[in-house]
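The values are calculated or read from the model by the stated rules, or taken from the named source; none is laboratory data. All of these numbers come straight from a predicted model, not from anything done at the bench. Cβ placement follows ideal geometry from the backbone for every residue including glycine, while neighbour counts extend to all protein chains displayed. The protein model used for the area step is the full one, side chains on, heavy atoms only, and it has no ligands, DNA or RNA in it. Shrake-Rupley method; radii C 1.70, N 1.55, O 1.52, S 1.80 Å.
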Number of protein chains: 4
Amino acid sequence: MTNDQNSISRNDKEKSGLSTRFFYSLKPLEMEDRLKRLEQILKKDRFANHNEIRLVSVGIGTAVAEMPVSEKHLNGVNIIQGGALFTLADFAFAAASNSHGRIAVATQANITFFKGISSGKLTAVAKELNSGKTLSHYSVDIVDEKGVKIAYFTGAAFLKGEY
Amino acid sequence: MTNDQNSISRNDKEKSGLSTRFFYSLKPLEMEDRLKRLEQILKKDRFANHNEIRLVSVGIGTAVAEMPVSEKHLNGVNIIQGGALFTLADFAFAAASNSHGRIAVATQANITFFKGISSGKLTAVAKELNSGKTLSHYSVDIVDEKGVKIAYFTGAAFLKGEY
Amino acid sequence: MTNDQNSISRNDKEKSGLSTRFFYSLKPLEMEDRLKRLEQILKKDRFANHNEIRLVSVGIGTAVAEMPVSEKHLNGVNIIQGGALFTLADFAFAAASNSHGRIAVATQANITFFKGISSGKLTAVAKELNSGKTLSHYSVDIVDEKGVKIAYFTGAAFLKGEY
Amino acid sequence: MTNDQNSISRNDKEKSGLSTRFFYSLKPLEMEDRLKRLEQILKKDRFANHNEIRLVSVGIGTAVAEMPVSEKHLNGVNIIQGGALFTLADFAFAAASNSHGRIAVATQANITFFKGISSGKLTAVAKELNSGKTLSHYSVDIVDEKGVKIAYFTGAAFLKGEY
């Protein structure tokens, strides 16, 4: 999401365009530290928590999240609400897109619904489609416990300064 | 959402392609009854309820929904989560797309995020872009209390039998 | 594209919902015949021909197309026009989505542009994301001669009768 | 389209974030000059020209383009090819998104097809959905001569330096 009032200030490195290069020169240990910091941020996602969405793992450019479908995720005709599927995918996308050490704010997302379900555990797997200087793009597959495809998501993120 | 196991059976009129014509010949009173029935279905949307999303109004091809943004809607950096915005828009879209008397299941949706916010009441206004025999399309504008655009959503629905 | 005036009449099998099962029971030779018939239809795509887009191959649920970028594909600032990239992807999508023996009309498509180029040969590879009873979904990757990603496309098709 | 090798260099004003403010302080005459310059750039769009797409008008945040549908725009089943519709919409979007005096490169676009046609003149009308510091969003309606909706397009553009 574009957020002009974002309180996270860009540092000078980012302004000068050096942040990416700087980040990629980090030693493995520092990268691990960053992923840990990212995990802390993601754990504070209250909308994900409120809807029982949980981060399973996050790597560089990839992430996995899951959601056990229950009563609270259903719509008025007892099928999972589109918003619940979107939120699961968006959370995995947020994790993956922020994994490079720079703050990534979602600018756009698209979701296609393949199959309506009412129970079971869903897993969302985010993968990087492309990563540029200022924009990056991800796809997310949502599958059920048997691997049946439930929905497909793509998202674009705007890259800001380091977190 | 496409849902092959959907328990709502198509009636014979729909199968023969007569349902739409039948519906449009309904007298005003009958249409009002249908919108009332739709409102009842929408009130049972547990995901919307769980996230404090409320239907304001629904008309033929249009609907308004609102959501007071609170702590539970925020992500790990204290901005409204994309999924909360999507769910609000999707709920207004569901109301509008189901307003013609036929069950409309979402097949695809797209959202563009314009501005990150952290509080205040958001309103989603759904309008019909087009309605065909088997597919209909809607746009949804999400605005804040001052009318500032927060997000823009478009959705496609597959039309099934009468509800 | 939804086309109510489409002259290709649905046959009775399709109306009764039997067409898909019928098709999948075809012997390999018959399937090959169908892919040949599809190739003939695709060769008559005048918009693709006019813009030097060529089908490389088509299989069940997949297709490859290519386009040598030349002067005619450029916009006013000498970069390939977005419409040229879209048309290349859309053509591969049309080939792949029609490969199952049923007429597939595009209802929606999305394209993300990764990199502007001005020359060289582009290749579009279409893959099936999902295929349901009435809707199918495909992704298309466009890459340059070195395999660098130029654009990513997703498309939805509505499935009609056999061709 | 993101184009890292873009030959149009960003000037210093843009780098310092001053370009927008500078532009909006232009006197009316200067703005007219800019729109004229933009029209010259659009007239050199060879892909639009090759496919008989013509700019009708361009204003601040809006544009109209048209295309007389002929043999060359048809696909293998004699319906207008999705790429022809996309290109028409994309051209109107390019005109509108570049009308603010800054170079706008498309990053993403979405098109929904409502109705297949085979002849007649199509008109595309682009309108601004939102314009931020670095991204702007537009919708484009494509209608036939009777005003019947043929397709709906939305596009996102990344804003660079002044042209």
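About its Cα centre, the dipole of the range B:12-162 is roughly 260 debye, where the only charges are +1 on Lys and Arg Cβ and -1 on Asp and Glu Cβ. Distances between equivalent label points of C:THR62 across the copies, with each point positioned 7 Å along Cα→Cβ, amount to 2.1, 4.9, 4.9 nm, shortest listed first. Within the range A:35-83, the trypsin sites (Lys or Arg not before Pro) that combine a DSSP coil assignment with at most 16 other C-beta atoms in a 10 angstrom radius are A:LYS44.
Rounded to the nearest 0.05, the FRET efficiency derived from the C-beta distance between B:SER70 and D:ASN78 at R0 = 51 Å is 0.40. Charge dipole of the range D:42-121 (Cα centre as origin; +1 on each Lys and Arg Cβ, -1 on each Asp and Glu Cβ, all else neutral): 140 debye, rounded to the nearest 20.
Accessible area per residue was computed with a 1.4 Å probe on protein heavy atoms; A:HIS100 scores about 20 Å².
For the range C:30-163, the relative contact order is 25 percent, taking Cα pairs closer than 8 Å that sit 6 or more residues apart in sequence and dividing their mean separation by the residue count. Out of D:SER70, D:ASN51, D:VAL148, whose Cα points farthest toward the positive end of the dipole of the range D:12-162 (charges: +1 Lys, Arg; -1 Asp, Glu; placed on Cβ)? The one lying farthest along the dipole's positive direction is D:ASN51.
Computed in the context of the full set of protein chains, the accessible area of the range A:12-162 at 1.4 Å probe radius has 55% of its extent on carbon or sulfur.
Averaging the Cα positions of each part gives two centres, and for the range C:115-146 and the range A:112-163 these lie 18 Å apart. Summary of the geometry: the range D:69-85 and the range C:45-105, compared by the centres of their Cα atoms, lie 12 Å apart.
Expressed in Å, the radius of gyration and Dmax of the Cα atoms of the range A:12-162 are 16.0, 53. Given R0 = 45 Å, the distance between the Cβ atoms of D:SER119 and A:LYS149 translates into a calculated FRET efficiency of 0.70. Think of the axis that spins chain B onto D; the B residue whose C-beta lies nearest it, and the distance in whole Å, is B:ASN110, 3. In the assembly of identical copies, C:LYS127 has its label point, taken 7 Å from Cα in the direction of the beta carbon, separated from the corresponding points by 0.5, 3.9, 3.9 nm (ascending, one decimal). Ranking A:ASP33, D:ASP45 by solvent-accessible area of protein heavy atoms (1.4 Å probe, all protein chains present), from largest to smallest, gives A:ASP33, D:ASP45. Buried area at the C:D interface is about 3800 square angstrom, summed over both chains, from accessible surfaces computed with a 1.4 angstrom probe. Here r is the Cβ-Cβ distance between C:ASP33 and A:THR62 and R0 is 45 Å; the resulting FRET efficiency, rounded to 0.05, is 0.60.
Summed over the residues of the range B:60-155 and divided among them, the accessible surface reaches 27 Å² per residue at a probe radius of 1.4 Å. Placing a label point 7 Å from Cα along the Cα-to-Cβ axis, A:ARG37 is separated from the same position in the other copies by 4.1, 5.7, 6.2 nm, shortest listed first.
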